[in-house]
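To start, the structure itself, in structure tokens.
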There are 2 protein chains.
Amino acid sequence: MQDHLTAVSDQVNAHFEQILSDIADSPISGAMRYAVSGGKRVRALLVLESARLHNVDSARAIWPACAIEAMHAYSLVHDDLPCMDDDDLRRGQPTVHVKWDETTAVLVGDALQSLAFELTMHPKGAETAEARANLGFGLARAAGAQGMVLGQALDIAAETSPDQLTLNEITTLQAGKTGALIAWAATAGAVMAQADSAPLQAYAAAVGLAFQIQDDVIDVTGDSASVGKAVGKDAIAGKATFVSLLGLDEAKRRASDLVISACDALSLYGQEADTLRQLAHFVISRRT
Amino acid sequence: MQDHLTAVSDQVNAHFEQILSDIADSPISGAMRYAVSGGKRVRALLVLESARLHNVDSARAIWPACAIEAMHAYSLVHDDLPCMDDDDLRRGQPTVHVKWDETTAVLVGDALQSLAFELTMHPKGAETAEARANLGFGLARAAGAQGMVLGQALDIAAETSPDQLTLNEITTLQAGKTGALIAWAATAGAVMAQADSAPLQAYAAAVGLAFQIQDDVIDVTGDSASVGKAVGKDAIAGKATFVSLLGLDEAKRRASDLVISACDALSLYGQEADTLRQLAHFVISRRT
């Protein structure tokens, strides 16, 4: 799986290089490049693989693949801000507001969100206007006040609340914070091909939740140096997580069950979907 | 013109009320409502009038009209942040980070940007997917690192630079900061109808620049209470503005000339475009 991700990472980085070189030098162009570099590119791989399953040309699919990575990058830049999670380290590097300043971090995040839509709607991306319009509409819903931003708002509200979240509440929170973009990425290929996206939707729902459970596991079992960002923060803050509510072993078992359901959801695609199955297994075996 | 704007404002507010009531209550839903309330609704009027000129149903045009107001509202919420322009007052009311906090202001801005794209791409908006895709792509470019965010980044960079901006540099800055969204709004109706947008583009370029010159005039001649936000900040900060570079009289004369060109650009539409002509005159006569 790491080979696949490295290959996707190379493609995504090369495409970003080209896109960002078209943007004139400005006070934020360097920080934009910095913010989109690195990362595991799991979301881009989901787009490219779901596109491949539907015979969508990868030269077209690279546009929404970079779009979802730009969207993800914006969310990290804003989440790391002092008024949000206040993190100094991301992917082993200083966060944008540490390396530059808060002003730059706010603007870079804002510009990357716009860029995500620009790439999604780019005429060189999905072939039909119908598909581009559907992708754009779906991305807006996944990113906004009923998706990713809702998840982040609930997460921050939970930190200041005296009550611990229940398992249901954490699941809702994570469905927004992480799940919505993962679902968009995993279904993008079907949307591009105007095919049924239900199997990929089911796959994504299970993988997205497994992804977040594993994040909680890593927060407990990992060390900051190898993870590349602060760990153990949730336990220190006394935040309810999948691990604190279920225990480490049960959390791992649930994640593992979810990966099995995710793989089952792809039966329609046969062996063609093996990379997506490997990705599901990778999600719960990763250490960073 | 004020009657037109009041009517548009009522339409926009009613539509926002409906849209936002569909978003579940969350830690940011109240602040989102607050952020999109008020405002002159000049951009919405541009969308609705350009749609009317191209026989686009106003029930469809209200979607991109609210979209551009959501985008504008996001930009104000973020621009007012302490790390940006640090303003406590907007439209005569406390800014979002003052009434709530910075976390809420960042998230509300982020969610409103997503909402702007959601409304633009909404199937009940522009009739064809082609038009929706074109509107979405254009909005992304207008809002992002080559449009509005670029303008804001240049503006903030200018504040910390020892050099004063030249007239050309201020014109470029404002073309991004204010002009790009105004151009999108004024051409939206033509894009929805898949008609030639060149005359409206020319109108918008002139009106957008006149709008910003008038903003600089108001910053010098207005008082905070009637303007509804802090005034005189540019002069205090020693920032170059159209007024500081041209003098008050010449700035007013240029704005007035721009309004004449803006009106001329609409000759193709005859009397049908009279509301847009009145709007151009309103832009340079407004006091807030």
- Residue match in the range B:90-98 (condition: of a type in the set (Lys, Arg) and in a strand (DSSP E or B)): yes
- Message: Here's a check for you: in the range B:131-142, which residue that is in contact (Cβ under 8 Å) with a residue 24 or more places away in the chain and surrounded by 22 or more Cβ atoms within 10 Å (Cβ to Cβ) is farthest from A:MET148 (Cα to Cα)?
- Response: B:ALA131
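Do any helices (runs of 4 or more DSSP H) entirely within the range A:208-288 hold 2 or more residues that are under 24 Å from A:ASP3 (Cα atoms), and if so, which? Don't jump to the end; show me each part of the working.
Working: elements: A:224-227, A:233-237, A:242-246, A:248-264, A:274-285.
So the answer is A:224-227, A:248-264, A:274-285.
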- Message: Condition check: out of contact with any Lys or Arg (no Cβ under 9 Å at 6 or more places or on another chain), on the phi < 0 side of the Ramachandran plot and part of a helix (DSSP H, G or I). Does A:MET32 satisfy that?
- Response: yes
- Message: Filter the range A:114-130 down to the residues that are more than 8 Å from chain B (Cβ to nearest Cβ) and surrounded by fewer than 24 Cβ atoms within 10 Å (Cβ to Cβ) and list them by number.
- Response: A:LYS124, A:GLU127
- Message: Against the conditions (1) surrounded by 24 or more Cβ atoms within 10 Å (Cβ to Cβ); (2) over 27 Å from A:MET148 (Cα atoms), where does B:ILE68 fall short? Just the number, please.
- Response: (2)
- Task: Filter the range B:58-84 down to residues that are within 10 Å of chain A (Cβ to nearest Cβ) and not in a helix (DSSP H, G or I) and give me whichever is nearest to B:PRO27 (Cα to Cα).
- Result: B:LEU81
- Query: Within the range B:89-99, is even one residue modelled with pLDDT of 95 or more, surrounded by 23 or more Cβ atoms within 10 Å (Cβ to Cβ) and facing chain A (nearest Cβ under 9 Å)?
  - Reply: yes
- State yes or no: is B:ILE28 in contact (Cβ under 8 Å) with a residue 12 or more places away in the chain, within 14 Å of chain A (Cβ to nearest Cβ) and crowded, with 19+ Cβ neighbours inside 10 Å? yes
- Message: Residues to consider are A:GLU102, A:GLU49, A:GLU17; find the one that is more than 13 Å from chain B (Cβ to nearest Cβ) and crowded, with 18+ Cβ neighbours inside 10 Å.
- Response: A:GLU49
- Residue check, A:CYS66 against (1) touching a residue at least 60 places away in the same chain (Cβ under 8 Å); (2) out of contact with any strand residue (DSSP E or B) (no Cβ under 7 Å at 6 or more places or on another chain), all met but one. Which one? (1)
- Query: Is one or more of the residues making up the range B:47-59 over 23 Å from B:THR178 (Cα atoms), modelled with pLDDT of 95 or more and among the small types (Gly, Ala, Ser)?
  - Reply: yes
- Filter the range A:143-174 for residues that are more than 10 Å from chain B (Cβ to nearest Cβ) and of a type in the set (A, V, I, L, M, F, W, C); which is surrounded by the most Cβ atoms within 10 Å (Cβ to Cβ)? A:ILE170
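Being farther than 19 Å from B:GLY179 by Cβ, at the interface with chain A (Cβ under 8 Å from one of its Cβ atoms), in a helix (DSSP H, G or I) and among the small types (Gly, Ala, Ser) is true for just one of B:ALA111, B:ALA140. Which residue is that?
B:ALA111
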- Query: Within the range A:83-90, is there a residue that is farther than 29 Å from A:ALA202 by Cα and in contact with a His (Cβ under 8 Å, 6 or more places away or on another chain)?
  - Reply: yes
- Message: Exactly one of these conditions fails for B:ALA180: (1) touching a residue at least 12 places away in the same chain (Cβ under 8 Å); (2) surrounded by fewer than 24 Cβ atoms within 10 Å (Cβ to Cβ). Give me its number.
- Response: (2)
- Note on the structure: Taking the range B:146-168 and keeping only residues that are in a helix (DSSP H, G or I) and touching a residue at least 40 places away in the same chain (Cβ under 8 Å), one is left with B:MET148, B:GLN152, B:ILE156, B:ALA158, B:GLU159, B:LEU167
- Item | Condition check for B:LEU258: without any contact (Cβ under 8 Å) to a residue 60 or more places away in the chain, of a type outside the set (D, E, K, R) and under 24 Å from B:ASP85 (Cα atoms) | no
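Does A:ALA193 qualify as being touching a His at 6+ places or on another chain (Cβ under 6 Å), more than 8 Å from every other protein chain (Cβ to nearest Cβ) and small (Gly, Ala, Ser)?
Numbers: touching a His at 6+ places or on another chain (Cβ under 6 Å): yes; more than 8 Å from every other protein chain (Cβ to nearest Cβ): yes; small (Gly, Ala, Ser): yes.
So A:ALA193 fits the description; yes.
Using the structure shown, decide if A:GLN11 is modelled with pLDDT under 95 and either away from chain B (no Cβ under 14 Å) or crowded, with 24+ Cβ neighbours inside 10 Å (or both). Spell out how you get there, then give the answer.
Numbers: modelled with pLDDT under 95: no; either away from chain B (no Cβ under 14 Å) or crowded, with 24+ Cβ neighbours inside 10 Å (or both): yes.
No: the conditions fail for A:GLN11.
The values are calculated or read from the model by the stated rules, or taken from the named source; none is laboratory data. This is a predicted model, so every value here is computed, not measured. As a convention, Cβ positions derive from the backbone with ideal geometry for all residues, glycine included, and neighbour counts pool all protein chains shown.
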